[in-house]
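Enquirer: First the structure, which I've put down as structure tokens, then a few questions once you've had a look.
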Amino acid sequence: LRSVVQPSFPALQANVGFSLLAFVGSVVLVPQVGKAFVEKGLKGRDLCKPGGRISGPYIPECLGLPCASLYILLMMLFIPFPFSHLFTPSSDSGVAFSQQELTLYLSSLLSLLTATLLGFIDDLFDIRWRHKLPIPLVASVPTLLVYYSEGGWTSVVLPSTVGNWLSSIGPLYYIYLLLLPTFTTNSINIVAGINGVEVTQALIIALSVLLNDLLFIPIWPERFLAVVGGGNPSEGRLLGWAAGEVVQRHLMSAYFMAPMVGVCAGFLWHNWYPAKAFPGDTFCYFTGMAFSVVAIHGHFSKTLILFFIPQIFNFILSCPQLFHLVPCPRHRLPRYDATTNLLFPSLTEFERPPEMKTRVVLRIMEVLRLVKLERASSTMSVTQKVRNKSGNQVAVKVKTSGENSDPDNIRDGGKESGSDGEGVILSSTNLTILNLLLVHFGPMREQSLCLLLGFIQVFCSGVAFGIRYGLGSMVYGG
Ligand code: UD1
Ligand code: MG
């Protein structure tokens, strides 16, 4: 058993080499193909630059495609390394070739390929939200089937009694696994719109997953383990209890995550402010799917979700807009002000007084300081109001109570129609974490906002490790 679970060190070294190739490859490849993408119409205006939507600079879009292609190509070329014992007769080496591992590896690649293809289709045709959501479900079918076929949940190593109890919720766990890829792909895609932000998230999550994997892999020098005072020095293990299959699974995950770190870092080179390339939905789909795939196969999907704390928060914050309680404009990214060169929270305007349920939700969010609302003092006085914000004349026509045909408002008796007692809501800040940061920290430059989000992501990863290996060691198994 020991020879099966021990990492084959040439494979690890090769993986480091492939990761460097992934980094250099994306640094070199992206600018070379950018022009061809623009010629094919794959370009988008950089909205947070002077000119914005009207005349902002055109940037090649969807460059997640060459990155994903490079990554998948490298992962294909890497196959012989972890399976190098295939070339040695098993009787000589004493190590049987693991069909199961190869199946896991290949199904991961298949899911990644499908996610990339579907992300690219989204970039080409701008698929509508309700059609977009199930896309990653389809892409994750190969991964989930392989997971199921090799015993799935029941084979997870669960050291605690709590874990054993949890295994009884098997079917629910499969539903969670089914939804995981949908979440990881879309949640990165909706923290978007400023230079570098999608790639920064993906890079930090990839680094966090990789670090988590390395905790399980016996590569730590004795001296280091003596300094940190833990682990199993004779076997180079940081986590003394991690053994056998657990090590093997994290090793496989590390093989996928290290080149992912390389690709993300290489692409960030071009996507950092001022961006020379946009990732497109292809990048979000492919990175999100990679995280789900390694976590499902590595049996650490509960740990993975901890690395998505900012994205979970952003998703919950976004729900009123995603489910159309609050108007959801095509772009919710922050508003750029050319005179100051700063980003401000962007607003979603109410063309007519919001319904009761919308008002209640917004009021709760306001109390929780998650949103900034703009109100008119009385219903009648806002029938024809002209608001001037940073030079933009915006005419807002709000119907009076008599005109309002909305059933919820009629139920109000038409007395305070559209008003939550403090006045009619005219607009709300768009419900994203980026806008929320601008509400609380004030206007800032595009790159500062991206850095701030990056710091929050790193901080949350720290919290995630704290939960996983501190509080959660009771609950978390693999
Ligand atoms: C998601 C968000 C949307 C946000 C958009 C920005 C939701 C529900 N959707 O939509 O609110 O506005 O991402 O990516 O939250 N862009 C920039 N600067 C950047 C990156 C992108 O200006 O650094 C603009 C470009 O015009 C680019 C466009 O965003 O063409 C790409 O948008 P796309 O990824 O297609 O938007 P969605 O993912 O549908
Ligand atoms: Mg997008």
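Since every read-out is calculated from the coordinates, none of them should be taken as a lab result. All values derive from a computational prediction rather than experimental measurement. Quick reminder, even Gly has a Cβ in these numbers, built from the backbone with ideal geometry, and neighbours come from all protein chains shown.
Enquirer: If I ask for residues that are over 30 Å from Tyr255 (Cβ atoms) and either of a type in the set (D, E, K, R) or crowded, with 19+ Cβ neighbours inside 10 Å (or both), which ones from segment 292-322 would you list?
Expert: Answer for segment 292-322, where residues must be over 30 Å from Tyr255 (Cβ atoms) and either of a type in the set (D, E, K, R) or crowded, with 19+ Cβ neighbours inside 10 Å (or both): Leu317, Ser318, Pro320, Gln321.
Enquirer: Out of segment 323-352, which residues are surrounded by 16 or more Cβ atoms within 10 Å (Cβ to Cβ), more than 18 Å from Leu368 (Cβ to Cβ) and of a type in the set (A, V, I, L, M, F, W, C)?
Expert: Selection gives Cys328, Leu333, Leu342, Leu343, Phe344, Leu347, Phe350.
Enquirer: Only one of these conditions is not met by Pro274: (1) under 30 Å from Asp46 (Cβ atoms); (2) within 21 Å of the chain's Cα centre (by Cα). Which number is it?
Expert: Going through (1) under 30 Å from Asp46 (Cβ atoms); (2) within 21 Å of the chain's Cα centre (by Cα) one by one, Pro274 breaks only (2).
Enquirer: Is there any pair linking a residue in segment 421-448 that is of a type outside the set (Val, Ile, Thr) to one that is in a loop (DSSP other than H, G, I, E, B) and surrounded by fewer than 17 Cβ atoms within 10 Å (Cβ to Cβ), with Cβ under 6 Å and at least six apart or on different chains, and which?
Expert: Gly423/Ser377
Enquirer: I'd like the full set of residues that are small (Gly, Ala, Ser) and in a helix (DSSP H, G or I), limited to segment 53-68.
Expert: Correct list: Ser55, Gly64, Ala68.
Enquirer: Next up: Can you pull out every residue in segment 175-202 that is under 10 Å from the mean Cα position of the chain (by Cα), more than 11 Å from ligand 1 (Cβ to nearest atom) and of a type in the set (A, V, I, L, M, F, W, C)?
Expert: Phe183, Ala202
Enquirer: Just give me the residues in segment 48-80 being crowded, with 18+ Cβ neighbours inside 10 Å, over 21 Å from Tyr285 (Cβ atoms) and touching a helix residue (DSSP H, G or I) at 6+ places or on another chain (Cβ under 7 Å), in sequence order.
Expert: Hits for segment 48-80 are Cys48, Phe78.
So that you can scan it fast, the table gives a plain yes or no per residue for (1) among the aliphatic types (A, V, I, L, M); (2) in a loop (DSSP other than H, G, I, E, B); (3) surrounded by fewer than 18 Cβ atoms within 10 Å (Cβ to Cβ):
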| residue | (1), (2), (3) |
| --- | --- |
| Ser187 | no, no, no |
| Gly193 | no, yes, no |
| Ile205 | yes, no, no |
| Ser208 | no, no, no |
| Asp213 | no, no, no |
| Ser234 | no, no, yes |
| Gln248 | no, no, no |
| Ala258 | yes, no, no |
| Ala265 | yes, no, no |
